[in-house]
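One structure is given below, encoded as C-alpha cells.
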C-alpha cells in the first residue's frame, strides 16, 4: 500500500524536463491569419496535464505571498499570582521561511514557463511580451493581442462561407475544397463562431443546383430534416462524405482527375498505341442517395482507344472513404 502511495505522490509532484518541454509556436500568415487558437488550446491542455496551469490562471492561480516578518519578543508581565515574569511572544519566523521557500520555487518555474512562452511567439510580435515579468502576464498579453483581431478575421471567413454558393456549371469538387479550407481557417481564428452542424447546413444549402445533382441534394435535405426532428445534429463529415462519394461517381474527385492525367502521360511517354482504354472503379459501400441506374461498380472511360484484346486494363480499387482522404491502389498494369 505504501509503495502505491509513494508512486502516486511521485506522479503528482513530477516536473517536466524543461530542456525538452516546448509549446506550439505561434505562426502568422501573409493574409494576417494565425494559429493562436491552436497554440492556446494545445498549451492549456499540456500545462494542465503537467500541473503548470496554476502559473497561468484559473482558480489555481494563487502565487505565494510572503507575509511581513514579525520577530519574536520578550516582554514582562504578571502571572495569575500577580508575580512579574518574562513572557515570549512568538513571531512568524517559521511561516515566513516556508512562504519564502514556496515563493522561490514558484518564481523559478514561472520564469522557465515565461521563457517557453517567449520562444513560441514570432520575433515580430516579441514587443508584446517586453513588459511581462510573469507567465500569467505574458499569457494575458497574447490573448489581448491576438483574440480581437482573430474575431474580425473569423467574421470575414464566416461571411465568405455563408455567401459562397456553387454556381451552375462550376466544379462541385473545387467548390467543396474551397469551403473546407475556409471553414478550417475560421475555426483556427475562432472555433465558436460557426458550429459544425451549422457548416453542414450551409454545405447543403449552397451545393450545386444543377439538375444532375438533384438526387444527392434531395437526399441531404432529407437527412437534415431528420436531424432537426430527432435533435441529433447532422455533422459536416457526413455531408462531405456523401458529396465526395458523388464526386467519385461522376469522375470529379481530384484523385480521379490525377489518375486520368497519370494514364495520359504514361501513354504518351511509352509511345504505345495500345493505351489503357478504361478504368474500373470498385467502390466501397458509402452512405448516399439512391438514383436510377446507380451500380455498385462504376466503369468510367477516361482514355478513348481502339478496342484490342491485348490492351492493358488498369483496376483502381478505392478503400473506405473518409472526409479527409481517399486511398486507393492499382493493379493489373504490366
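The values are calculated or read from the model by the stated rules, or taken from the named source; none is laboratory data. Quick caveat, the model's predicted, so the values are computed rather than measured. Here the Cβ is made from the backbone with ideal geometry for all residues, glycine too, and neighbour counts use every protein chain on show.
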Residue 74 being free of Cβ contacts under 8 Å to residues at least 24 places away in the same chain and in contact with a strand residue (DSSP E or B) (Cβ under 7 Å, 6 or more places away or on another chain): yes
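Taking the condition of being outside any helix (DSSP H, G or I) and either touching a strand residue (DSSP E or B) at 6+ places or on another chain (Cβ under 6 Å) or within 17 Å of residue 32 (Cβ to Cβ) (or both), how many residues in the stretch 115-147 meet it? Don't jump to the end; show me each part of the working.
Here is the first cut: in the stretch 115-147, the ones outside any helix (DSSP H, G or I) are 121-122, 130-134.
With the extra rule that they be either touching a strand residue (DSSP E or B) at 6+ places or on another chain (Cβ under 6 Å) or within 17 Å of residue 32 (Cβ to Cβ) (or both), the set shrinks to 121-122.
Total meeting the criteria: 2.
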Residue in the stretch 244-261 that is assigned to a helix (DSSP H, G or I), out of contact with any strand residue (DSSP E or B) (no Cβ under 6 Å at 6 or more places or on another chain) and modelled with pLDDT of 90 or more present: yes
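Hey, could you check the stretch 23-49 for residues that are assigned to a loop (DSSP other than H, G, I, E, B) and surrounded by 13 or more Cβ atoms within 10 Å (Cβ to Cβ) and say which is modelled with the lowest pLDDT? Full working, then the answer.
Quick first cut of the stretch 23-49, residues assigned to a loop (DSSP other than H, G, I, E, B) only: 23-27, 29-33, 35.
From what's left, surrounded by 13 or more Cβ atoms within 10 Å (Cβ to Cβ): 23-24, 26-27, 33, 35.
On the way: 23: 95, 24: 94, 26: 95, 27: 93, 33: 83, 35: 91.
Within the stretch 23-49, the match that is modelled with the lowest pLDDT is 33.
Looking at the stretch 225-242, which of the residues that are in a helix (DSSP H, G or I) and without any contact (Cβ under 8 Å) to a residue 40 or more places away in the chain is nearest to residue 167 (Cα to Cα)?
Let us first name the residues in the stretch 225-242 that are in a helix (DSSP H, G or I), namely 225-230, 236-242.
Next, from what is left, pick out any that are without any contact (Cβ under 8 Å) to a residue 40 or more places away in the chain: 225-230, 239.
Working: 225: 24, 226: 27, 227: 26, 228: 27, 229: 30, 230: 32, 239: 19 Å.
Out of the qualifying residues, it is 239.
Residues are listed down the side, and each one gets a yes or a no for (1) closer than 30 Å to residue 37 by Cα; (2) in a helix (DSSP H, G or I); (3) touching a helix residue (DSSP H, G or I) at 6+ places or on another chain (Cβ under 9 Å); (4) in contact (Cβ under 8 Å) with a residue 24 or more places away in the chain:
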| residue | (1), (2), (3), (4) |
| --- | --- |
| 149 | yes, yes, yes, yes |
| 153 | yes, yes, yes, yes |
| 161 | yes, yes, yes, yes |
| 179 | yes, yes, yes, yes |
| 188 | yes, yes, yes, yes |
| 191 | yes, no, yes, yes |
| 200 | yes, yes, yes, yes |
| 223 | no, yes, yes, no |
